[in-house]
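Just so it is clear, none of the values below were taken in a lab; they were calculated from the coordinates. Note that the structure is predicted; figures quoted are calculated from it, not measured. All Cβ positions, even for glycine, are placed from backbone atoms using ideal geometry, and neighbour counts span all protein chains on display.
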Amino acid sequence: MTSSRCIYRIMAEAKSIYAEECYKGGFIGAGWLEDVDLTVKLPENWRDFNREMIPIFLEKNPDKSKVSAGLACGMLHTICKGMLVGDLVLCPNGKGAYYAGEVISEYRYEPKGILPHRRDVKWYPKSIAREGMSEGLRNSTGSAGTVSNISKHAAEIESLLTGIVPPVLVARDPDVEDPAVFALEAHLEDFLVKNWTATELGKNFSIYEEDGETLGQQYPTDTGSIDILAVSKDRKTLLVIELKKGRASDVVVGQTLRYMGYVQEELAEPGQSVRGVIIALEDDPRLKRAIAIVPSIEFYKYTVSFKLMKG
């Protein structure tokens, strides 16, 4: 595998119902805006694409929110334009494994077929069993949404395809100050999502979802993905939640503010406000000072406890 190429997990519709057809037909695709030929409607910048396509999406789907429209259009652009020839695709087959293949064509429109917005893929004969993945990779490939960028797991994916065991890396992010904390907090996001109703934030907010599908975990923006996007029970406030994950205080505060700005400009409905929360393992005086003059961001500390019981 080429280390510079990106790797995407792409669902072939809900519950992977079209995975087998994609594999046999040598393609991957998307079904949003199925009657719109995007051949001359794919700018390089997905934000420009969203600006044009979100109103069209909402007109065709008046029951959907701007959050849902933004996610759908962003993922559509990724499949049709963001992925490059040579990038790798993992597609869950609905049977506990993932088809893997290489993108070999630019966008093409197939109006009479399933998932009409397509990219041709040269699928590998070997699939990847979910049970053989690390917890981190399983979480990434199992994240909500049709498309997720899982390039950070490139070394492990290569090992699963080739049998070559890669070196263990805790964190490649240059902004991570404490790799040990990063390793621990890497699991916090999934824990929060699974146990949301039992948390303090769960009393007044819900992780954003629509039609029973969770949309608010790793919600994509033009500067990265929001860890958790939540909405108040009265739908009046959108909440951007970022986990510190061992990163420098200034970095995580700046990132949270950028995400809040994106949500305010692109996703908030008229009358909705936007707030932020940063969650960390321990008290952080530098972080608290940084947000002291930003009343729209709050700090939460979490604790980890466990109990040993003699069997």
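When the listed pairs K81/K236; K233/K301; K15/K60; K194/K233; K152/K194; K81/K152 are checked against a 29 Å cut-off, the alpha-carbon distance exceeds it for K81/K236.
Springs join every pair of Cα atoms under 10 Å in this Gaussian network model of the chain, and among L88, L201, L215 the largest mean-square fluctuation is at L201.
Estimated purely from DSSP H runs of n ≥ 4, each contributing -39500 (n - 2.57), the mean residue ellipticity at 222 nm for the chain is -8000 deg cm²/dmol once divided by its residues. Note on the stretch 7-162: with charges restricted to the Cβ of Lys and Arg (+1) and Asp and Glu (-1), its dipole about the Cα centre is near 180 debye. Evaluate the distance, in nm, between pseudo-label points positioned 7 Å from the Cα of K24 and of L84 along their respective Cα→Cβ axes. Rounded to a tenth, the inter-label distance reads 3.4 nm.
Take the Cβ atoms of E282 and S134, set R0 to 45 Å, and the FRET efficiency comes out at 0.95. Compared with the direct C-alpha span, the chain from E200 to E106 gains 29.2 nm at full extension, assuming 0.36 nm per residue. A full extension of the chain between K233 and D211 corresponds to an added length of 6.3 nm, given 0.36 nm per residue minus the alpha carbon distance. Relative to the Cα centre, the charge distribution of the chain, modelled as +1 at Lys and Arg Cβ and -1 at Asp and Glu Cβ, gives a dipole magnitude of about 480 debye.
Which residues make up the longest stretch of the chain that has no GluC sites (Glu not before Pro) in a DSSP loop with at most 11 other Cβ atoms within 10 Å? Longest site-free region, per DSSP loop and neighbour criteria: 45-199. Label-to-label distance for E59 and E269 is 2.1 nm, based on points extended 7 Å past Cα in the beta-carbon direction.
What's the longest uninterrupted piece of the chain once you rule out the trypsin sites (Lys or Arg not before Pro) that are loop residues per DSSP with at most 13 other Cβ within 10 Å? Here the longest segment lacking exposed loop sites spans 1-94.
Hey, what's the Kirkwood Rh for the chain if you take every pair of different alpha carbons, in angstrom?
20.7 Å
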